[in-house]
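*Asks:* After the structure tokens below, expect a handful of questions from me.
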Amino acid sequence: MIDSHQHFWKYDPVRHSWISDDMHTIRRDFFPADLRPILDEHGIEGCVTVQVDQTEDETLELLTLANQHAFIRGVVGWIDLTNDDLASRLEYFSSLKKLKGFRHIVQGEQAGFLTQTSFARGVRMLDQYHFTYDLLVYHHQLAEALEFVRQIPKTKIVIDHIAKPSIRTADIRNWEKHMRALAAFPNVYCKISGMVTEARWADWKYEDFVPYLDVVFEAFGADKLMYGSDWPVCLVAASYDRQFAITRQYVSRLSDAEKRKVLGENAERFYKL
């Protein structure tokens, strides 16, 4: 089994200003020594660590951690995808074997960000260097995400956190329409991750997530979905065990082969771990 989405950081109130007062439980350092016992407890052999800072320095820091800890199977870093010198930066990063792809925190950008010609061109270039792209958007950005994906025919893309639907309000219609459209693209995958933070943190229940899981499993199928914890961000709403239990309970209805795909094999194949 593979956890396809988690984070490490040395907490800094300036760098991590996105950690608001109501997220005070994660205002501290999180390192591999904190995560490894949790993964071992659940029989998870490895993980993919994902950027939270939009700097190349953090990407290199995460790679250092990955090279020190074998259970960190891959890194999704950050690079300026609009950089005129992007090709030379990708050439350099392609020599770092545990670097598997890149992400930009689009959820924090203004409308129109994804439709920039330079950004789409940069994401298209990733395929030439065998890198993937993690697409991080809120549900209200999905129409723009769909236009973006139409411009990216080859680069493998995975939608983080099932595109952050408004689970707390049970709003599903527009999110479902766009997610089904995105799933039709053969190069677009989806992570079953980050759901608890989009629900009511203090009183969510398993049934809150089922309608959204029904949609992504029907639309993407077991071949294009992968489990991710979003640890430690998930801790604002659930322990690792509680958030993992949501996915475990849902996939219990699947065949053993399908479970293996969702819980590990798809992440291995997508990121070439």
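None of the figures in this text is laboratory data; all of them are computed from the coordinates on show. This structure is a prediction, so every number in the text was calculated from the model and none was measured. Because the Cβ atoms are built from the backbone with ideal geometry, glycine has one as well, and the counts that use them run over all protein chains shown.
*Asks:* Going highest first, how would you order 132-141, 118-127 by mean Cβ packing within 10 Å? Don't skip to the end; give the middle numbers.
*Replies:* Numbers: 132-141: 22.2, 118-127: 18.0.
Highest mean packing first, the order is 132-141, 118-127.
*Asks:* If a/c stays under 1.5 just call it rounded; otherwise compare a/b with b/c (prolate if a/b is bigger, oblate if not). Do that for segment 172-231, with a ≥ b ≥ c from the square roots of the Cα gyration tensor eigenvalues.
*Replies:* Because a/c hits 1.5 or more and a/b exceeds b/c, segment 172-231 counts as prolate.
*Asks:* Which net charge results when you count Lys and Arg as +1 and Asp and Glu as -1 among the other residues whose beta-carbon is under 15 Å from that of residue 91?
*Replies:* Every neighbour counted, the sum reads -3.
*Asks:* If the only charges are +1 at each Lys and Arg Cβ and -1 at each Asp and Glu Cβ, what is the size of the charge dipole of the chain around the Cα centre, to the nearest 20 debye?
*Replies:* In debye, rounded to 20, the chain gives about 660.
*Asks:* Which percent, to the nearest 5, of DSSP beta bridges fully inside the chain are antiparallel?
*Replies:* Taking every DSSP beta bridge with both residues in the chain, the antiparallel ones total about 5 percent.
*Asks:* I'd like to compare 94-104, 251-261: which one has the highest average count of other Cβ atoms within 10 Å, and what's the full order after that?
*Replies:* 94-104, 251-261
*Asks:* Below 11 angstrom from the Cβ of residue 257, what's the summed charge of the other residues (Lys, Arg +1; Asp, Glu -1)?
*Replies:* -1
*Asks:* So, one more: Around residue 141, under 11 Å between beta carbons, what's the net of Lys plus Arg minus Asp minus Glu among the other residues?
*Replies:* On the way: positive: 164; negative: 109, 144, 147.
So the environment of residue 141 carries a net charge of -2.
*Asks:* Just to verify a number: FRET efficiency for residue 17 and residue 89, C-beta to C-beta distance, R0 = 30 Å, to 0.05?
*Replies:* 0.70
*Asks:* What do you get when you divide the Cα radius of gyration of segment 1-134 by 2.2 N^0.38 Å, with N the number of residues?
*Replies:* Normalised Rg, Cα atoms only: 1.11.
*Asks:* Then there is this: As a test of understanding, state the convex hull volume per residue of the chain from its alpha carbons, in Å³.
*Replies:* Hull volume normalised by residue count: 120 Å³.
*Asks:* Turning to a different aspect of this structure: Convert each backbone phi in segment 147-153 into a coupling constant with the Karplus relation 6.51 cos²θ - 1.76 cosθ + 1.60 (shift: θ = phi - 60°), then list the ³J(HN,Hα) values in order as whole Hz, x for Gly and Pro.
*Replies:* Result, ordered by residue: 5, 4, 4, 4, 8, 10, x Hz.
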